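J.: Handing you this structure, nothing more for now.
The values are calculated or read from the model by the stated rules, or taken from the named source; none is laboratory data. Computed from a predicted structure; not experimentally measured. In this analysis, Cβ positions are derived from the backbone assuming ideal geometry, glycine residues included, and neighbour counts consider all displayed protein chains.
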Amino acid sequence: MAKIVQNLEVPIDQDLEEKLQWMMPEHGPYRILRQSVDARRAHSPHFVYTVEVGEKGETLEIPQFNLEKIPTPKEKPLIIGTGPAGLFAALRFVERGVPCVLFERGSESGERIKGINQYWRYGKLDPRNNVCFGEGGAGLYSDGKLITRIKSEHIPYVMNRLVKFGAPEEIQWLSNPHVGSDRIRRVIPQLREFLKQNGCEIHFNTQVTEILFEGKQTVGVRTEHGKEFKSPHVVLATGHSAEDMINHLRDVGVHLDGKSFAMGLRVEHSQASINKIQYRQFSEHPKLGAANYKLAHHNNKSGIGVYSFCMCPGGYVLSSGTEADGIVCNGMSNYKRNSPFANAAIVVSIDHDKHFGKDVFGGMKMRRELETKAYKSVLAAGGSRELPAQNLLDFLHGPNSKTGPRALRAGSSPSGAISVRLDELLPTSMRDRLREGFDNFQRSMKGFITEDAQVYGVESRTSCPVRITRDNDSLESISHAGLYPAGEGAGYAGGITSAACDGIRIAEKIIELLK
């Protein structure tokens, strides 16, 4: 009978097969359930595995996630948004035999990348096709990091289906699974075609402008083209940047709550320096690849946290705004993570109740003001499409009073960068907390603060500052039956995998009713 072997340590110069052969000479087939790198011991970085090992002649059962179909219902659920939550809700519906209708304000991924490239190269924003809007949504398209802290029975299903549509197989067992921006472009079209062939009607370049209600019951949607689609089940998966939809919900009386969130900057180092810090004398070992990090600092007196978010080894810093007069930065990596730079968001937690009280839209206003201020700072510096940036030492201590600011080095952003006093642009409290966080990170990662590092602004879209409040059991809006807020934009997910799982949960709730 197969058994699970946990915490199996394998030195970087040894193979798993060799280790298993030494431990269990008569072992049969095996499969990796979990793999991570442990470099905490300076003299011996190693891989840590969880492995299922069978006996000789035994066949290991690999989960296939075959789903039971229900009789075709009369009503087609409607899904707004093709990010992770929307796509996986649609996938769950069709695999359970439920036809559905999916709406996306932007274009298919092939057209979407053209709009993104125009923005990065020339500063021409396409409000429908950018790093936040268009087929695939924000994170699923722009980077494909699948790290999550949630515990969900749906995670293996999400990974399995991504692999089915072309993602690398190892995402099913790596501790830091990653598809990559280049490979996700192949996955999304395959998923789309599967949906279309199995009962999902997809409308691209079709923005939903209104949710339709009769009293407090959801009855359908109206698109920008004036066409109405009727259904008592509407999944709202519009992402963390769809302010127009949130404003519409406010106007029609859907219950909203202000939500705590985080904002800050993105820091960029050379990947070689991060490898050196994390792997020391083994930093160039071919098996280790690009090192990452995860940092956090909590000030017990103020209660404010500073932490790294969306760390991109071998990655790029992106301009990711959705308004022509605002600047937002984000990060991404391709599958091989072979850029010479590493970047991560370093953000400050913002407690909604402390900062904004009963102003539900206080966080949204703050976010918008900071993004607009960043854009104006670029124009004032003589730029147009570049990201505002500053040497990390200048951000921490201010420029030298005699020699002036340090020059920016060449970085990874396809939009370029322009020198801006980010230490003056940010609110003073946010700047001071970031400085405190950087000093703390230097203690845990010696070499993190260096003259070669620089920061970019502004990292403001970590999550939506407004929650579309839903019932914990039914997952419907607490004020309007039949409206199902989903994913990051609704305030119920914090990344690709958690958003996908949230979409699946909602689909299953609706299927219970349809049965």
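J.: Tell me yes or no: at least one residue of segment 74-82 is modelled with pLDDT under 95 and over 18 Å from the mean Cα position of the chain (by Cα).
T.: Yes, that holds for at least one residue.
J.: Of all the residues that make up segment 207-247, how many are in a loop (DSSP other than H, G, I, E, B) and touching a Cys at 6+ places or on another chain (Cβ under 8 Å)?
T.: Residues meeting the conditions: 3.
The rows are residues; the columns are (1) more than 14 Å from Ile246 (Cα to Cα); (2) in the same structural domain as Val317 (by TED's automatic domain parsing); (3) charged (D, E, K, R).
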{"site": "Ile468", "(1), (2), (3)": "no, no, no"}
{"site": "Glu476", "(1), (2), (3)": "yes, no, yes"}
{"site": "Ser479", "(1), (2), (3)": "yes, no, no"}
{"site": "Leu483", "(1), (2), (3)": "no, no, no"}
{"site": "Thr497", "(1), (2), (3)": "yes, no, no"}
{"site": "Gly503", "(1), (2), (3)": "yes, no, no"}
{"site": "Ala507", "(1), (2), (3)": "yes, no, no"}
{"site": "Ile510", "(1), (2), (3)": "yes, no, no"}
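J.: Please enumerate the residues belonging to segment 248-267 that are assigned to a helix (DSSP H, G or I) and hydrophobic (A, V, I, L, M, F, W, C).
T.: The one that is assigned to a helix (DSSP H, G or I) and hydrophobic (A, V, I, L, M, F, W, C): Leu249.
J.: Now a separate question. Please enumerate the residues belonging to segment 387-417 that are surrounded by 13 or more Cβ atoms within 10 Å (Cβ to Cβ), assigned to a loop (DSSP other than H, G, I, E, B) and more than 23 Å from the chain's Cα centre (by Cα).
T.: Matches in segment 387-417: Pro399, Pro405, Arg406, Leu408, Arg409.
J.: Among the residues of segment 269-304, count how many are within 21 Å of Pro427 (Cα to Cα) and at pLDDT 95 or above.
T.: Residues meeting the conditions: 2.
J.: Restricting to segment 484-515, name every residue that is touching a Leu at 6+ places or on another chain (Cβ under 6 Å), buried (at least 24 other Cβ atoms within 10 Å of the Cβ) and over 21 Å from Met159 (Cβ atoms).
T.: Tyr484, Pro485
J.: Quick test of your reading of the structure: Thr450 fulfils all but one of (1) surrounded by fewer than 22 Cβ atoms within 10 Å (Cβ to Cβ); (2) under 27 Å from Lys151 (Cα atoms); (3) modelled with pLDDT of 95 or more. Name the failing condition by number.
T.: (2)
J.: Let me ask another. Is it true that Val360 is surrounded by fewer than 20 Cβ atoms within 10 Å (Cβ to Cβ), among the β-branched types (Val, Ile, Thr) and either assigned to a loop (DSSP other than H, G, I, E, B) or in contact with a Phe, Trp or Tyr (Cβ under 8 Å, 6 or more places away or on another chain) (or both)?
T.: Against the criterion (surrounded by fewer than 20 Cβ atoms within 10 Å (Cβ to Cβ), among the β-branched types (Val, Ile, Thr) and either assigned to a loop (DSSP other than H, G, I, E, B) or in contact with a Phe, Trp or Tyr (Cβ under 8 Å, 6 or more places away or on another chain) (or both)), Val360 qualifies.
J.: Mind checking which strands (runs of 3 or more DSSP E) fall wholly inside segment 268-321 and carry at least 2 residues that are touching a Pro at 6+ places or on another chain (Cβ under 7 Å) and of a type in the set (D, E, K, R)?
T.: Output list is empty.
J.: Say whether the condition of being under 22 Å from the mean Cα position of the chain (by Cα), loosely packed, with under 15 Cβ neighbours inside 10 Å and assigned by TED's automatic domain parsing to the domain that holds Ile506 is met by at least one residue in segment 214-225.
T.: For segment 214-225, residues under 22 Å from the mean Cα position of the chain (by Cα), loosely packed, with under 15 Cβ neighbours inside 10 Å and assigned by TED's automatic domain parsing to the domain that holds Ile506: absent.
J.: Of the residues Val179, Val252, Val234, Val221, which is of a type in the set (A, V, I, L, M), in contact (Cβ under 8 Å) with a residue 40 or more places away in the chain and in contact with a helix residue (DSSP H, G or I) (Cβ under 9 Å, 6 or more places away or on another chain)?
T.: The conditions single out Val179.
J.: Sticking with this one: Which numbered condition trips up Asn198, out of (1) under 19 Å from Gly97 (Cβ atoms); (2) in contact with a strand residue (DSSP E or B) (Cβ under 6 Å, 6 or more places away or on another chain); (3) of a type outside the set (A, V, I, L, M)?
T.: Just one mismatch for Asn198, condition (2).
J.: Scan segment 256-285 and report the pairs whose first residue is free of Cβ contacts under 8 Å to residues at least 12 places away in the same chain and whose second residue is of a type outside the set (Gly, Ala, Ser), with Cβ atoms within less than 8 Å and a gap of 6+ or a chain change.
T.: Close Cβ pairs (under 8 Å, with a partner that is of a type outside the set (Gly, Ala, Ser)) amount to Ser283/Asn275; Ser283/Lys276; Glu284/Asn275.
J.: Looking only at segment 138-181, count every residue that is hydrophobic (A, V, I, L, M, F, W, C) and either in the same structural domain as Thr50 (by TED's automatic domain parsing) or under 13 Å from the mean Cα position of the chain (by Cα) (or both) and tell me the total.
T.: The number of residues fulfilling the criteria is 5.
J.: Next question. Let me spell it out: the conditions are (1) crowded, with 16+ Cβ neighbours inside 10 Å; (2) out of contact with any helix residue (DSSP H, G or I) (no Cβ under 7 Å at 6 or more places or on another chain), and Tyr122 meets all of them except one. Which number is the exception?
T.: Of everything listed in (1) crowded, with 16+ Cβ neighbours inside 10 Å; (2) out of contact with any helix residue (DSSP H, G or I) (no Cβ under 7 Å at 6 or more places or on another chain), Tyr122 misses just condition (1).
J.: When the residues of segment 81-96 are filtered to those that are out of contact with any helix residue (DSSP H, G or I) (no Cβ under 7 Å at 6 or more places or on another chain) and not hydroxyl-bearing (Ser, Thr, Tyr), which remaining residue is surrounded by the most Cβ atoms within 10 Å (Cβ to Cβ)?
T.: Looking at the filtered set, the residue picked out is Gly81.
J.: Hey, another quick one. Sort through Arg337, Arg409, Arg368 and tell me the only one that's within 30 Å of Ala490 (Cα to Cα) and among the basic types (Lys, Arg).
T.: Arg368 is the lone residue from the list that is within 30 Å of Ala490 (Cα to Cα) and among the basic types (Lys, Arg).
J.: Further, regarding this structure: Taking segment 137-182 as the region of interest, how many residues are basic (Lys, Arg) and modelled with pLDDT of 90 or more?
T.: Adding up the residues that qualify gives 2.
J.: Search segment 14-52 for residues being of a type in the set (Lys, Arg) and touching a strand residue (DSSP E or B) at 6+ places or on another chain (Cβ under 9 Å), and hand back the single one that is farthest from Gln281 (Cα to Cα).
T.: Once the filter is applied, the top-ranked residue is Arg31.
J.: Pairs only if they're at least six apart or on different chains, beta carbon under 7 angstrom, first in segment 361-385 and in contact (Cβ under 8 Å) with a residue 40 or more places away in the chain, second of a type in the set (Phe, Trp, Tyr) and in a helix (DSSP H, G or I); list them, first residue then second.
T.: Pairs found: Gly362/Phe356; Gly363/Phe356; Arg385/Tyr122.
J.: Which residues, taken from segment 226-268, are among the hydroxyl-bearing types (Ser, Thr, Tyr) and surrounded by fewer than 24 Cβ atoms within 10 Å (Cβ to Cβ)?
T.: Ser231, Ser260
J.: Among the numbered criteria (1) modelled with pLDDT of 95 or more; (2) touching a strand residue (DSSP E or B) at 6+ places or on another chain (Cβ under 9 Å), which single criterion is violated by Ile504?
T.: (2)
J.: Moving on. When you scan segment 255-269, how many residues do you find that are of a type outside the set (Val, Ile, Thr) and within 13 Å of Val317 (Cβ to Cβ)?
T.: Result for segment 255-269: 4.
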